[in-house]
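This report concerns only the one structure given below.
What follows is calculated from the coordinates using simple rules that are stated; it is not laboratory data. Please read all numbers here as calculations on a predicted model, not as lab measurements. Heads up, the Cβs are rebuilt from the backbone with ideal geometry, glycines too, and the neighbour counts pull from every protein chain shown.
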Amino acid sequence: MRYLKGTEKCGILFQCNEDNTLQCFTDSDYAGDPLSRRSTSGMIFMSYGGAVSWRSQRQSCIALSTTEAEFIAASQAAKEAIWLGNLLSELWCVSTIPVLQMDN
């Protein structure tokens with residue numbers, strides 16, 4: 001109960017006057033794990049000014065370049081964007097095409 005009382009003002013706030021476009025931001029590192037040489041992908045999906053989904057994970061294969069590591073992260077994000085866009089459209093929340101934004 002002490003935790004709930006101390007964190008009652010913490011949370012994700014969704015603004016109805018914000019843009020309802022589903023936006024995804026992705027990034028990856030190249031060979032971030034020095035032992036396995038595997039890269040790490042990260043992504044966050046935003047809608048109505050708040051985060052609706054996020055993830056960071058090691059890539060399942062070893063990328064041979066930074067471009068390949070970024071492409072793997074982008075393809076993972078695109079798959080999740082399609083799924084999440086379909087889910088949100090079923091809930092009548094988002095009706096636009098998801099926007100993927102990457103740093104490469």
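Here are some notes:
- R0 of 35 Å, Cβ-Cβ distance I97-Y3: FRET efficiency to nearest 0.05: 0.35
- Assuming charge only on the beta carbon of Lys and Arg (+1) and of Asp and Glu (-1), the dipole of the chain about its Cα centre is about 460 debye to the nearest 20.
- Distances between placed amide hydrogens fall under 5 Å for T96 paired with L22, all partners being 5 or more residues away or on another chain.
- Charge tally in the Cβ shell below 11 Å around T40, where Lys, Arg are +1 and Asp, Glu are -1, T40 excluded: 0
- Relative to the longest principal axis of the Cα atoms of the chain, the long axis of helix 66-90 makes an angle of roughly 30 degrees.
- Among [x] 48, 23, 20; [y] 84, 31, 21; [z] 43, 40, 21, the entry derived from the coordinates for Cα extents along the principal axes in Å: [z]
- Averaged over residues, the count of other Cβ atoms within 10 Å places the peptides 8-16, 78-86 in the sequence 78-86, 8-16, highest first.
- With a cut-off of 15 Å on the backbone N, the residues of segment 60-104 near the modelled label site 7 Å out from I44 along Cα-Cβ are 101-103.
- By other beta-carbon atoms within 10 Å, ranking L22, L91 with the fewest at the front produces L91, L22.
- Phi to ³J(HN,Hα) by Karplus 6.51 cos²θ - 1.76 cosθ + 1.60 over segment 42-52, Hz, x for Gly, Pro: x, 8, 9, 10, 10, 7, 6, x, x, 6, 10
- For Q59, the amide hydrogen comes within under 5 Å of the amide hydrogens of S39, T40, S41, counting only partners 5 or more places away or on other chains and with H modelled in the peptide plane.
- Relative contact order of the chain, pairs being alpha-carbon contacts under 8 Å that are 6 or more residues apart, as %: 30 percent
- Put in line by how crowded their Cβ is, counting other Cβ atoms within 10 Å and starting with the fewest, L88, L4 read L4, L88.
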